[in-house]
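The values are calculated or read from the model by the stated rules, or taken from the named source; none is laboratory data. Small disclaimer: the values here were computed from a predicted structure and weren't measured. Counting neighbours? That spans all protein chains shown, and the Cβs are built from the backbone with ideal geometry, glycine included. Please note that ligands, DNA and RNA were not included when accessible areas were found on the heavy atoms of the full protein model with its side chains. Shrake-Rupley method; radii C 1.70, N 1.55, O 1.52, S 1.80 Å.
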Amino acid sequence: MNPQTHFDLIVIGGGSGGLAGAFRAAAHGARVALLEPAELGGTCVNVGCVPKKAMWLAADTAQRIALAAQLGFELESRPLDWREFIVHRTRYIAGIHASYRKRLDESGIVWMPCRGHLIDAHTVENGDGARLRGERILIATGGRPRRPPVPGAELGGVSDDFFQLCDPPSRVALIGGGYIAVELGGVLQALGSQVELFVRGQRLLEGFDHELAADLLEDSRQHGLHAHFGHALAELQPAGDGKVVLLDAHGERSEPFDRVFFATGRVPSTASLGLENAGVALDARGFVRVDEWQDTSVANIHAVGDVTAGPALTPVAIAAARRLMDRLYGGKPESRLDFRDIATVVFSHPPIGKVGLTEQEARASFGDAAVRIYRARFRPMLHALADSPQRSLFKLVCVGEEEKVVGLHLLGEGADEILQGFAVAIRRGITRRDLEDTVAIHPTSAEEVVLMR
Ligand code: FAD
């Protein structure tokens, strides 16, 4: 056995799931190789959560500066210098890359900056043509943005391209109504662009509470965002000066836009991975099929993260990978991720957070009679002081006689930070009485969760 080419575990993909799996397996004493041709950290660190949250923080700061002026601060109103801000964003991300490199070195993981391609169930060929042998293989190749198959689609960008922007476009079209469209649209609008959303369906943020999504839309409209629903995109055409127009299925033309971005979903990265050589099965939508143990159809090959059909979130990829490695190398045969009650946040302005069932899901599962909804609609103090119209809406979904809390939905300032603690409580199976018995922290937005009547 050649220790240069023979490993306990070969990890393909150095994003959230792959890195977490590699680190945890190495900590348990496994000899690990990691293949990643691009920057370490994958989507989240390079073109997802991290640069997105940086832009959200810039946009949030811009909104607070506007509120501060309303409250009597004398401020010179100047737009964000994007190039300067991008220097800070890039420096922050470079710090994450450096810390990953250091940890890889310290853990004794063999990191190869190249692609991996399966030759059979135990053999991976790296981009240099070298063959590696692994007792086990972890597929963690994530996903990539999907571009709709319409003529002229190449005139539009995807979320990866958003993070290449060095200056704010003045008129922007975003195609899609999911969380990426809402987040990127919100950032651009708050930083001074004129944004129009083109949504195929009839509402934003399918899968989130409908009332909260409607309130967010109303709030965004007050900030100048335009949203078109039931829009069937047929074509993109050049309109001179680098501008682009959209044509819908009825031949209706939009006004010209400086930039168009698609936020029309993501597809798993499985092309040219050689999965067929090892017999790894895909599901009908092209995701790697895994069971609740992250095992694929081949006994020694596992998969985590966005390449599988689970919730496409960084902490999900990380948690699934760590539990898998605890099971395979850490002597915990029952270790696996429980996918129930995973909290998630949309970094809109203001943010939306959800954990558990929506009102619609609870009614469908338990019947109308068993479901009780509590709401709190209020103006957060800063907005009340500044006489800004922004409102928060919190909703609690309870079921049964004992009013077990099965869902919590927050729209409003601080929702992103408030939700985590309540997610723990909801996983522990609390009832509304537990919330009622908890003394409030005053004056905060969070207290509304325990005060809902
Ligand atoms: P990835 O992080 O995508 O990593 C996969 C890696 O595999 C990549 O680095 C790729 O280069 C590599 N790879 C691909 N093919 C090969 C191959 N053949 N050989 C070797 N390597 C290969 N999630 C959140 O939790 N919170 C957020 O706020 C959030 N915001 C997001 C915003 C945007 C705009 C986007 C696009 C995503 C966001 N996500 C967010 C989702 C999150 O980024 C993903 O769920 C997460 O990155 C998935 O991790 P992963 O390890 O499965 O894949």
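Summed over the stretch 30-45, the residues that are assigned to a strand (DSSP E or B) and more than 7 Å from the ligand (Cβ to nearest atom) give a count of 3. The single condition from (1) of a type outside the set (Lys, Arg); (2) over 23 Å from Gly356 (Cα atoms); (3) within 16 Å of the ligand (Cβ to nearest atom); (4) within 27 Å of the chain's Cα centre (by Cα) that Ala281 fails is (3).
Among the residues making up the stretch 102-122, those that are within 14 Å of the ligand (Cβ to nearest atom) and closer than 14 Å to Gly274 by Cα are Arg115, Gly116, His117, Leu118, Ile119. The combined condition, being more than 15 Å from the ligand (Cβ to nearest atom) and open to solvent by 60 Å² or more (accessible area, probe 1.4 Å), is fulfilled by Thr61. Quick check on the stretch 1-38: of everything there that is of a type in the set (S, T, N, Q) and at pLDDT below 95, which residue is most open to solvent (accessible area, probe 1.4 Å)? This residue is Gln4. Among the numbered conditions (1) at pLDDT 95 or above; (2) within 12 Å of the ligand (Cβ to nearest atom), the only one that Asn126 does not meet is (1). Which members of the stretch 28-40 meet the condition of being farther than 22 Å from Gln4 by Cβ and touching a residue at least 40 places away in the same chain (Cβ under 8 Å)? Glu39, the sole residue that qualifies.
Scanning for something among the polar types (S, T, N, Q) and at pLDDT below 95, does the stretch 222-241 turn up at least one residue? Within the stretch 222-241 (the criterion being among the polar types (S, T, N, Q) and at pLDDT below 95), the answer is yes, since at least one residue qualifies. In this structure, does Arg336 turn out to be away from the ligand (no atom under 15 Å from the Cβ), of a type in the set (Lys, Arg) and either open to solvent by 50 Å² or more (accessible area, probe 1.4 Å) or in the same structural domain as Gly42 (by TED's automatic domain parsing) (or both)? Taking the combined requirement at face value, the residue satisfies it.
With the requirement that a residue be assigned to a strand (DSSP E or B) and crowded, with 16+ Cβ neighbours inside 10 Å, what does the stretch 235-244 give you? Glu235, Leu236, Val244, listed by residue number. Taking the criterion of being within 24 Å of Phe7 (Cβ to Cβ) and either buried (at least 19 other Cβ atoms within 10 Å of the Cβ) or small (Gly, Ala, Ser) (or both), the residues of the stretch 282-297 that qualify are Val288, Val290, Gln294, Thr296, Ser297.
A Cβ distance below 7 Å, combined with a sequence gap of six or more or placement on separate chains, defines the contacts here; from the stretch 119-137, residues that are closer than 17 Å to Gln294 by Cα reach residues that are open to solvent by less than 60 Å² (accessible area, probe 1.4 Å) and among the β-branched types (Val, Ile, Thr) in the pairs Ala121/Val298; Ala121/Ile301; Ile137/Ile10; Ile137/Ile12; Ile137/Val124; Ile137/Ile301.
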